[in-house]
Amino acid sequence: MSDCIFCKIARGEIPAKVVRKSPDAVAFHDLTPQAPVHVLVIPTKHFAAVRDAAGVADSEAALGKLLVFAAEVATELGLDQGGYRIVTNTGPDAGQSVHHLHLHLLGGRRLGWPPG
Ligand code: AMP
């Protein structure tokens, strides 16, 4: 989508601190980190949120690849031993503010549960 900020990051049109990139996904540091490691993992194909992937051709494969990509990024960032959390906010109750599906990869400190 032309006016989507994460699509622009995926296309390299606006700067981001990119950790890893593939033809299908990009991982980059969050602008407002909530943990010592806070990386966003996005598909290059635009879905507004995870609910919008339901029923879309090949979305199961795309989301599966995205999760594996996020796990590879976590390994690359040294999070395997301490552990980490992957979460995706969907809609207003979850506080979604950017409407391009993204996984938050959080780690580097003990994370509270349940989340606020
Ligand atoms: P959410 O609230 O789940 O939609 O998460 C959106 C996240 O995107 C927030 O954690 C923001 O800090 C982050 N964010 C927004 N714009 C940018 C940007 N240009 N580069 C990196 N992170 C961003």
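Here is how the numbers come out for the structure above:
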item	result
Region 78-100, residues that are within 16 Å of the ligand (Cβ to nearest atom), of a type in the set (A, V, I, L, M) and in contact (Cβ under 8 Å) with a residue 12 or more places away in the chain	Ile86, Val87, Val98
Answer residue from region 36-48, given it is within 11 Å of the ligand (Cβ to nearest atom) and surrounded by fewer than 18 Cβ atoms within 10 Å (Cβ to Cβ) and is farthest from Pro92 (Cα to Cα) among those	His38
Members of region 66-114 that are in contact with a Gly (Cβ under 8 Å, 6 or more places away or on another chain) and of a type in the set (D, E, K, R)	Arg85
Total residues in region 5-34, condition in contact (Cβ under 8 Å) with a residue 40 or more places away in the chain, within 11 Å of the ligand (Cβ to nearest atom) and assigned to a loop (DSSP other than H, G, I, E, B)	2
Qualifying positions in region 107-116 - within 15 Å of the ligand (Cβ to nearest atom) and touching a Leu at 6+ places or on another chain (Cβ under 9 Å)	Gly107
Top-ranked residue of region 49-58 - restricted to ones that are within 14 Å of the ligand (Cβ to nearest atom) and hydrophobic (A, V, I, L, M, F, W, C), ranked as most open to solvent (accessible area, probe 1.4 Å)	Val50
Test: residue in region 93-108 that is of a type in the set (Ser, Thr, Tyr), in a loop (DSSP other than H, G, I, E, B) and open to solvent by 60 Å² or more (accessible area, probe 1.4 Å)	yes
Residues satisfying the stated conditions in region 48-71, i.e. out of contact with any His (no Cβ under 7 Å at 6 or more places or on another chain) and not in a helix (DSSP H, G or I)	Ala54, Gly55, Val56, Ala57, Asp58
Search result, residues across region 39-93 that are aliphatic (A, V, I, L, M), farther than 13 Å from Asp24 by Cα and more than 15 Å from the chain's Cα centre (by Cα)	Ala54, Val56, Ala57, Leu79
Extreme residue, surrounded by the fewest Cβ atoms within 10 Å (Cβ to Cβ), among residues of region 65-77 that are within 21 Å of Ile9 (Cα to Cα) and free of Cβ contacts under 8 Å to residues at least 24 places away in the same chain	Val68
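Per-residue answers, yes or no, for (1) over 14 Å from Leu101 (Cα atoms); (2) in contact with a helix residue (DSSP H, G or I) (Cβ under 6 Å, 6 or more places away or on another chain):
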residue	(1), (2)
Ser22	yes, no
Ala25	no, yes
Leu31	yes, no
Ala35	yes, no
Pro43	no, yes
Asp52	no, no
Ala61	yes, no
Leu67	no, no
Ala71	yes, no
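The values are calculated or read from the model by the stated rules, or taken from the named source; none is laboratory data. No experiment lies behind these values; they were computed from the predicted model shown. Here the Cβ is made from the backbone with ideal geometry for all residues, glycine too, and neighbour counts use every protein chain on show. Side chains included, ligands, DNA and RNA excluded: accessible areas come from the protein's heavy atoms. Shrake-Rupley method; radii C 1.70, N 1.55, O 1.52, S 1.80 Å.
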